[in-house]
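Okay, structure first, notes after.
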Amino acid sequence: MLAERTTYVSASATMAVALAAQRLRKQGIDVIDLGAGEPDFPTPEHVKAAAMDAIGSDFTRYTPTAGISELKEAITNRYLQDYGVTYSESETIVTAGGKQALYNVAFALFGRGDEVITPAPCWPTIFEQIKLAEATPVMVRTHPEDGFKLHIEDVLRAVTPRTRGIILNSPGNPTGALITEAELNEIADVAAKKDIWVVLDLCYERLIYDKVSHNLPGVLSSKLRNRSVLAGSASKAYAMTGWRCGWVLAPAEVVSACNAFQSHATSNVCSITQKAVVAALTGDQKCVTVMLDEFRRRRDALLETLTSDPRIRCVKPSGAFYLFPDISGLLSSDGIRTSVDFAKELLEKGHVAVTAGEAFDAPGFVRISYATSMDLLEQGAARILEFAELYGARETSNKTL
Ligand code: PLP
C-alpha cells in the first residue's frame, strides 16, 4: 500500500523516547527525561530580540530558497573567523536545521549502488538518510576502549570501488568523541586519491570541552576543497533547536543541487529565524561559553555519580552533551537482557528516560543527555543507580576502559 522506501526507514528513536516520557507524564508520573538532544537553556535574549524586530518590521515573506545574503555572509564569516576557510555565497545554503543540510547533501551526492562509510556508534539519521538516498551505509566500528577513536586502517578496509562518500560527525553524537585533524588528514588523502566525497557534520562544533585544535574545515579546505561538504547548525550552539536553521558549505554545484531539492520541498527557512541566526552568529559569543561551562560541570558530576557503580563504564566525552555508558555489566540472560529492555524498564519502573544504544548501532550502551538542570540530573542519576541496584546483574565484568 505504501511506497517501497517506507520499508527501509525507521522513525527517530530519540523522538520516540520523548513521546514515551510524555505519555507517562500525562498519566501524572514524574518522569525525568534524559533522552533529549537539545540544550535546556533559553535562546539568548539578543537572538530573540532580532526575531521580534523581524516580525515588527514585517520581514515575514518568502526569501530566496538558499537564504538571505546577510545570513549566508554571517555563516561564511564565522567559518572564516573560526577556521580560516573561505566560502562564497554560491557555495552556501541555509537549511531547516543540520538535519535538512545532511538530507539535501545525501540526495545531491549519493544514489543506488553507492556505498557510504560512516563510523558507529553514530547518530541514526546519518544512516537512515543514506538509505533514503538508496545508497548503502557501511559502518566502521569505533570502541570505548580507546575513546571511540576512528582508526584510518578500519576506514581503509571499508573502502571499495563503490565507495562514494564518507560521512563524519565531530564532536560525535552519541559518543562525544572528536575526530582529530591528523585522522582527517589521512582520510582526506585517501578520499582525494579515490574521488570520494567527505561530508563533515559539525552540528556540535561549538561544544568542545578542552582547548584542542579542531580545525577540520581547514584540513578539508586544504586537501579536499572540491570534494568535501561542511554541514552546520545553529541548534545546539545557540539553544535554537526549535527555530530550525542549519547550513551547507560546499562546492557550488552541490549547493545548487541542494537548492533545487529544497526549492521543491520546504523552500526557504523561516524568514524570522534567519534574522535571529544572523544575530546569533554575529553577536557576542559569550552565550556559547556560558552554556559550555555549565555542560562541563554537569558532565563531570554525572560521570562521577554514575560510574560509582563499577558495572557502568563510561568514556568521558570530549564534546556535545551526552554520556554514552556501556551498561552491559547490568544485563544478564535471566534479568534485563538488552539495552532496549534496560531503557524500557528504567522508564517504566525508575521513571527516567534514556535512549537505548541500539538506536545508535551500539547494543549494550545507553545515551544519557545532560542537557537538563543539575537538580534533575542528580535526581535522575540517583534513580538510575537505585534501578541498577534493584534490577541489574550482580556480577561485574572484568572489561576496563
Ligand atoms: N547532527 C547530529 C549529530 C545531531 O545530533 C543533530 C541533532 O540532534 C543534527 C545533526 C541536526 O540538528 P538540527 O537539525 O536541529 O540542526
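The values are calculated or read from the model by the stated rules, or taken from the named source; none is laboratory data. Not measured: the values here are computed from a predicted model. Positions of Cβ are generated from backbone atoms using ideal geometry, with glycine treated the same way; all protein chains shown enter the neighbour counts.
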* To do: May I ask you to list the residues in the range 1-48 that are at pLDDT 90 or above, of a type in the set (Asp, Glu) and away from the ligand (no atom under 16 Å from the Cβ)?
  => Asp30, Glu45
* **Condition check for Lys223: within 16 Å of the ligand (Cβ to nearest atom), closer than 19 Å to Leu200 by Cβ and either buried (at least 22 other Cβ atoms within 10 Å of the Cβ) or not assigned by TED's automatic domain parsing to the domain that holds Thr372 (or both)** => no
* Asked: What number of residues in the range 115-124 are under 13 Å from Val105 (Cα atoms) and within 11 Å of the ligand (Cβ to nearest atom)?
  -> 0
* To do: Just give me the residues in the range 190-208 being farther than 23 Å from Ile130 by Cα and out of contact with any His (no Cβ under 8 Å at 6 or more places or on another chain), in sequence order.
  => Arg206, Leu207
* Answer yes or no as to whether Gly165 is in contact with a Phe, Trp or Tyr (Cβ under 7 Å, 6 or more places away or on another chain) and either in the same structural domain as Ser90 (by TED's automatic domain parsing) or at positive phi (or both). => yes
* Asked: Has the range 381-397 got any residue that is within 22 Å of Pro310 (Cβ to Cβ), part of a loop (DSSP other than H, G, I, E, B), in the same structural domain as Gln27 (by TED's automatic domain parsing) and in contact (Cβ under 8 Å) with a residue 60 or more places away in the chain?
  -> no
